[in-house]
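Notes to accompany the following structure.
What follows is calculated from the coordinates using simple rules that are stated; it is not laboratory data. Only a predicted model underlies this, so the values are computations on that prediction, with no experimental measurement involved. Cβ: placed from backbone, ideal geometry, glycine included. Neighbour counts: every protein chain shown.
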Amino acid sequence: MRRRKLDPAIGEQTAQIRAHVKAQLFERDIFCRGCGDLIQIANCHMHEGMISRGDVQGWPRERRHLIFSIFNCVLLCPSCNVPADGKNPPPRDRVFDEQYALYGAPMIDWLIALPFKHRPAWLTAKLKSFGVY
Ligand SMILES: [Zn+2]
């Protein structure tokens, strides 16, 4: 099987999209979404809170940037993003509930529109509770 040649422009676009989303999150996430500590702009991490990069490895490369969205991403302190000091990233289920409280139905629509062939089981269960099958 031939490997597809990686397009360096996609990597650059992804970096730009991530920076744009992170800038938006600075206005939303004052506190770490893991532990609640005050976010320090110079030292915080953007975390894919529901749909991870691992979840989208099967997607075409040019569509994987879709997960870098204010619906999916949250800011974490460094200890929560790289588990340390007994801290951990927030569970996906909790991020889902918090994001839904912030965004409501548009977040559900965003999740439904993602190009999964098979949604992660936790997400299928969550969406079922909203009547989405
Ligand atoms: Zn934290």
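When each of L111, L66 is scored by the number of other beta-carbon atoms lying within 10 Å, the sequence from fewest to most is L66, L111.
In the Gaussian network model of the chain, springs joining C-alpha atoms below 10 Å, which of A101, A23, A42 carries the largest mean-square fluctuation? Of A101, A23, A42, the most mobile in the Gaussian network model is A42.
Backbone amide hydrogens, once placed in the peptide plane, bring C73 within less than 5 Å of G49, excluding anything fewer than 5 places away on its chain.
Would you mind getting me the FRET efficiency between R61 and A23? Use the beta-carbon distance for r and R0 = 35 Å, nearest 0.05. Mind dumping the intermediate values first?
Working: r = 24 Å, r/R0 = 0.68.
Given R0 = 35 Å and the Cβ-Cβ separation, E is 0.90.
Footprinting exposure proxy ranking of L38, L123, fewest other C-beta atoms within 10 angstrom first, gives L38, L123.
Kindly provide the Kirkwood hydrodynamic radius of the chain in Å, to one decimal, from all pairs of distinct alpha carbon atoms. Please report the intermediate quantities before stating the final value.
Values: mean 1/r = 0.0631 Å⁻¹.
The answer is 15.8 Å.
In this simple spin-label approximation, A101 and I30 carry label points 7 Å from Cα along the Cα→Cβ vector, and these lie 1.5 nm apart.
Partners of K117 within straight-line reach, counting aspartates and glutamates whose Cα lies under 13 Å from its Cα and excluding those fewer than 8 residues away in the same chain: D55.
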